[in-house]
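The structure under discussion appears below in the form of structure tokens.
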Amino acid sequence: MMTNLDPVYIHPYIGSRAMGGKLCLINQKLREVWVCSGMSLRIWDKLRSGMTTSQIAQEFSDKYKVSFEKVQKDIAQFLQQLWEREIVELPDKGAISKAERAALVKELPHNLNGRMYEIAVNAKTLFRVWLDLLIPCNLRCRHCYLDFSEKDIVPLKDVCNYLDQLAEHGCPEVVLTGGEIFLRKDLLEIVAHAERKGFLFELYTNANYINKEKADQLSKYLIGAVQISIYGTTAPVHEAITRERGTFEKSINAAKLLIERGIPVRLEYHIQNDNFEDAFRFPEFATSLGADYKFDSKLVPNRNGSTEPLNYGVSLHQQAEIYKAGLLRREPNFVCTAAISKARISARGDIYPCELMNTVVVGNLRKQTLAEIWASQRRENLRHEILDYKPTRCGSCSHVSDCEPCAAMRGFGHDGHMEAPVSEACVLTTASLIAQDRLELDSPFQALEDDSCMSALLSEVGQRKTRAPFKILNNRVNIN
């Protein structure tokens, strides 16, 4: 006799999407995403409509000419998996601890093991979108790519409309960013809407406006993480980059307030030429606060065309040390998801192919719907251009297989990018090879009369000067 499955209780913190004919379930509380195949999407829709499992089994049995018992057994197995993942509650389960329940799950969530991304690419569905809520910011960090002569603030109704379209499209993850998002008085309304639509969502901020009252308000929502920009383990190091006194204390105090309230915090440290040494102390610093952390060292020109931000990049020597220490790691099986399952929406409604590439636009949400843009030939053509993109310099490089095929880092869309001798990708690849001791002294790339990107870059080895001469993603090189 099969255990009674009704009533099935679906937790209110569960979001759902259709992704390429598969069911995508988002557990906002546990910050997990699961993708289910087979009849799961149809079963889920029936459950959400209020049907009992017996009614669903009878309907499917009649429609597909399969025995009622077989259908009911499949439904029971599906619901058991959902119960193990704290997506639903079932009757007659008895007393069991959370730890015991979690131990029944034998795989990582699909947003952590790569399965969701693979499915999203095959389904041509966005799995993660960065949504710029505004351009204005209270700080003027020296390396920032935003053009602060622009003052765009996305109207609340447009933000909610974008989120509605993303949910309908099938996107499970969204990042609310800017500009400084806490300059918006209606930010909590946006957070509430993102939660209602079932997103796994994060907030990116400098946290200067998060006080006790704001932290209390945020604690009411199921926020995946608050990422705070931190540039040093001390005020002098941090504020040399933010260029404003008092910002370090504000950001760190905000992190503590959020952590005290159980909100996940990630501190993001951008490594530059003069905070390089301090970066090695950052993991211990972040951990002591109870925060997660991540590093980045990529720089791109300002959207107004200025290359000033590039003056602050780490040198090739420093980048190699960063890799060798494990502060940053290359992706061994990198798959580009630009213009197919990842995008950034600007404060003007422009959709960029990914979070890094701001030189080409897929479409504009003020002129077309997301469904129209993503189904367009323009997006399809741009996707192929990005995948097939290979500058002239790559043709003579014997380390193409070591280079992550990231079009943004290779200079896609910039003037003269096809003939440029060096790109950010060349810098990162060369630094990685140096860190692995894979560039020997008798390497042909040491011959500086060779015009390859490797030979140009290797002239920098051992010279601790900035990477600015390489004009990251700016397609001009000036090796002195």
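The values are calculated or read from the model by the stated rules, or taken from the named source; none is laboratory data. What you are looking at is a predicted structure, and each value in this text was computed from that prediction instead of being measured. Cβ coordinates were reconstructed from backbone atoms using ideal geometry, including for glycine residues, and neighbour counts include every protein chain displayed. Keep in mind that these areas ignore ligands, DNA and RNA; they rest on the heavy atoms of the full protein, side chains included. Shrake-Rupley method; radii C 1.70, N 1.55, O 1.52, S 1.80 Å.
Odds and ends about this structure:
- Just so you know, in region 256-284 the residues that are open to solvent by 40 Å² or more (accessible area, probe 1.4 Å) and part of a helix (DSSP H, G or I) include one that is farthest from C406 (Cα to Cα), and it is E260.
- Of residues in region 354-371 being hydrophobic (A, V, I, L, M, F, W, C) and in a loop (DSSP other than H, G, I, E, B), the one surrounded by the most Cβ atoms within 10 Å (Cβ to Cβ): M357
- Qualifying residue in region 373-390 (condition: farther than 25 Å from G20 by Cβ and either in contact (Cβ under 8 Å) with a residue 24 or more places away in the chain or buried (at least 18 other Cβ atoms within 10 Å of the Cβ) (or both)): yes
- One residue stands out among those in region 26-41 that are more than 19 Å from Q77 (Cβ to Cβ) and in a loop (DSSP other than H, G, I, E, B): the one that is least open to solvent (accessible area, probe 1.4 Å), which is Q28.
- Looking at S288, S306, just one residue is part of a loop (DSSP other than H, G, I, E, B), out of contact with any Lys or Arg (no Cβ under 7 Å at 6 or more places or on another chain) and hydroxyl-bearing (S, T, Y), and that residue is S306.
- Boolean, A99 is of a type outside the set (S, T, N, Q), over 19 Å from V35 (Cα atoms) and either in a helix (DSSP H, G or I) or at pLDDT below 95 (or both): yes
- Residues of region 138-196 classified as open to solvent by less than 50 Å² (accessible area, probe 1.4 Å), in contact (Cβ under 8 Å) with a residue 60 or more places away in the chain and among the basic types (K, R), total: 1
- Scanning region 105-148 for residues that are out of contact with any Cys (no Cβ under 9 Å at 6 or more places or on another chain), part of a helix (DSSP H, G or I) and small (G, A, S) gives a single hit, A123.
- Cross-chain or 6+ apart pairs with Cβ under 6 Å, region 214-235 first and closer than 14 Å to K294 by Cα, then open to solvent by 50 Å² or more (accessible area, probe 1.4 Å) and part of a loop (DSSP other than H, G, I, E, B): T233/R281
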